[in-house]
Amino acid sequence: MNKNVKFSLLFSLMLVFFGTLGKAQSHLKKGELVDGIAVVVGDEIILESDIEDQANFAKQQGAHVADKCEFVESIINNKLLIYEAKRDTLIENRSAVIKENANQKYAQILGQFPDEKAMLATYKFRTSYEMKNAIEKIDSDNYYGQMKYGRITDKADVTPNEVTDFFNTFQYQLPEVKDEVSLSQIVMYPKLTNAHKDEIIARLNKIKQDILNGESFESQARIYSDDPGSAAKGGLYTNISKGKMVKPFEAAALNLQEGEMSDPVESDFGYHLIQLVKKSGKQYDARHILLKAEPNAEEINTAKKELDSIRTLIVDGKMSFKDAAFRFSDDKQTKFNAGIVTAEDGSDKIEKLNLPPTISYQIAGHNKGDITEVFQDTAPQDRKTVTIIKVDDIIPGHKLDIFTDYNRIKQMALNKKKNEMVEKWVKEKLPNVFISINDRYKDCSFKTDWRKTVAK
């Protein structure tokens with residue numbers, strides 16, 4: 001079961017943040033403001049274009065952005081978190097890693113287009129430098145903002161009495177829960193036959209021999225590699241920290257001498273040909289050529305028959321779904337948890353509207369306790385799977401109630417307390433942080449009186 005939201009969709013939404021930067025001047029009318037500094041928080045600058053782009057991004061995600069002053073204040077609060085996070089010695093400086101990840105994300109996006117020019121035109125950027133900077137900026141802000149928020153609210157907790165008080169106070173304002181389901185799954189990756197594995201390894205050995213005979217590793221990676229994150233860069237990953245790559249890849253790479261190539265290496269992603277470029281301390285640069293281990297139709301059918309026999313054992317009462325998931329499922333996220341599928345918030349209740357289309361189709365018409373027939377699906381990294389789903393529960397839409405939705409209400413009460421802790425922290429920090437707000441916002445009635453606090 002594919003619980004991931006596709007990277008390309010998420011990233012497309014993120015880039016809406018910055019999509020207007022490249023076209024600002026071409027759409028400029030006489031007398032209009034090109035851009036300008038809206039707010040300064042310490043040494044963090046918020047541009048007018050940042051506010052507009054973030055508002056557009058929020059709207060793209062379905063958020064309601066009616067009050068610009070309120071929206072600007074939320075950005076100021078976040079910038080203060082970011083500013084203080086960068087000064088906090090207990091928060092790791094990950095600038096180099098964030099920059100490298102931005103380059104990798106850029107390469108992954110590029111892999112979806114015929115060339116760089118087409119990609120930049122689609123995302124409304126003039127240069128690759130602009131687009132990489134945009135990716136790096138949003139990743140950096142997310143990292144530092146989340147880390148500082150976590151540091152401030154680390155000890156936050158709520159008692160049962162506080163949860164009850166929260167519910168009694170806000171019960172008529174709490175949202176209605178939409179139709180939900182609780183699901184368990186068993187996912188199996190079709191296994192390649194030895195003959196198929198030998199074929200992939202032979203292809204990699206042929207590529208290796210061509211490189212030894214004079215072809216460059218970089219050119220061969222661009223032609224043959226199935227890794228969208230590095231193929232466009234000739235297979236190159238730089239500043240790789242130990243522990244970042246899957247174990248077989250890292251073990252092979254670190255056992256090489258600089259410039260040396262490995263034999264074919266198997267991992268969950270497929271088969272790699274690896275070249276160590278540079279090793280320095282705890283980081284290294286490496287190139288690789290990946291050939292994915294894609295199962296063929298015969299291998300998929302074999303896996304379907306195997307999983308169908310397991311399903312029969314469960315239906316006949318000869319094995320529990322929990323035991324079958326533990327023994328046979330290849331999905332590491334659910335096999336040790338009785339196969340239970342969790343939502344992004346960790347709950348085992350998932351809104352039907354948020355289910356992937358394949359899953360919605362497969363469970364349609366099923367009742368509580370039913371198990372689907374075996375079906376083919378796609379897991380993260382586009383790996384083909386065969387899957388069965390058990391419908392553990394069906395929860396009709398309803399108003400939140402403390403007896404049936406206690407954990408959700410507890411989380412809401414906890415989030416409220418955390419936000420109050422951050423608000424208190426902001427007010428304590430303000431007198432010691434330089435803040436300048438452009439006069440364009442002088443009529444805004446902010447919850448925090450930023451100007452007065454700074455004046456003091």
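The values are calculated or read from the model by the stated rules, or taken from the named source; none is laboratory data. The model shown is predicted, which means the values in this text are computed figures rather than measured ones. Glycine also receives a Cβ, built like all others from the backbone with ideal geometry; neighbour counts cover every protein chain displayed. Accessible surface areas use protein heavy atoms only, side chains included; no ligands, DNA or RNA. Shrake-Rupley method; radii C 1.70, N 1.55, O 1.52, S 1.80 Å.
Restricting 208, 137 to those that are open to solvent by less than 70 Å² (accessible area, probe 1.4 Å), over 30 Å from residue 90 (Cβ atoms), part of a helix (DSSP H, G or I) and among the charged types (D, E, K, R) reduces the list to 208. Just to be sure before I move on: is residue 125 hydrophobic (A, V, I, L, M, F, W, C) and either within 30 Å of residue 364 (Cα to Cα) or touching a residue at least 12 places away in the same chain (Cβ under 8 Å) (or both) in the structure I sent? Yes; evaluated as a whole, the condition is true for this residue. Scan the range 77-89 for residues that are in contact with a helix residue (DSSP H, G or I) (Cβ under 7 Å, 6 or more places away or on another chain) and either open to solvent by 60 Å² or more (accessible area, probe 1.4 Å) or under 21 Å from residue 449 (Cβ atoms) (or both) and jot them down. Selection gives 77, 78, 80, 81, 84, 86.
Scan the range 281-303 and tell me whether some residue there is in a helix (DSSP H, G or I), touching a helix residue (DSSP H, G or I) at 6+ places or on another chain (Cβ under 6 Å) and in contact (Cβ under 8 Å) with a residue 24 or more places away in the chain. No, the conditions are met nowhere in the range 281-303. The conditions of being crowded, with 17+ Cβ neighbours inside 10 Å, in contact (Cβ under 8 Å) with a residue 40 or more places away in the chain and touching a helix residue (DSSP H, G or I) at 6+ places or on another chain (Cβ under 7 Å) are met by residue 437.
When the criteria are applied in full, residue 417 fails the requirement of being open to solvent by 40 Å² or more (accessible area, probe 1.4 Å) and modelled with pLDDT under 90.
Screening residue 302 against (1) more than 30 Å from residue 387 (Cα to Cα); (2) open to solvent by 10 Å² or more (accessible area, probe 1.4 Å) leaves a single unmet condition, (1). Filtering the range 385-436 to residues that are part of a helix (DSSP H, G or I), closer than 25 Å to residue 348 by Cα and among the aliphatic types (A, V, I, L, M) leaves 409, 412, 413, 414. Evaluating residue 443 against the criteria (1) open to solvent by 70 Å² or more (accessible area, probe 1.4 Å); (2) assigned to a helix (DSSP H, G or I); (3) at pLDDT 85 or above leaves one unmet condition, (2). Within the range 348-361, identify whether any single residue is assigned to a loop (DSSP other than H, G, I, E, B), among the charged types (D, E, K, R), surrounded by 14 or more Cβ atoms within 10 Å (Cβ to Cβ) and in contact (Cβ under 8 Å) with a residue 60 or more places away in the chain, and answer yes or no. Yes, some residue in the range 348-361 is assigned to a loop (DSSP other than H, G, I, E, B), among the charged types (D, E, K, R), surrounded by 14 or more Cβ atoms within 10 Å (Cβ to Cβ) and in contact (Cβ under 8 Å) with a residue 60 or more places away in the chain. Among the residues of the range 211-221, those that are part of a helix (DSSP H, G or I) and over 34 Å from the mean Cα position of the chain (by Cα) comprise 211, 212.
Please verify whether residue 304 is closer than 28 Å to residue 189 by Cα and more than 24 Å from the chain's Cα centre (by Cα), treating the condition exactly as stated. Criteria met by residue 304. None of 258, 344 is outside any helix (DSSP H, G or I) and touching a residue at least 12 places away in the same chain (Cβ under 8 Å) except 258.
Okay, residues lined up against (1) closer than 30 Å to residue 399 by Cα; (2) open to solvent by 40 Å² or more (accessible area, probe 1.4 Å); (3) within 24 Å of the chain's Cα centre (by Cα):
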residue: 96; (1), (2), (3): no, yes, yes
residue: 122; (1), (2), (3): no, yes, yes
residue: 144; (1), (2), (3): no, no, yes
residue: 156; (1), (2), (3): yes, no, no
residue: 190; (1), (2), (3): no, no, no
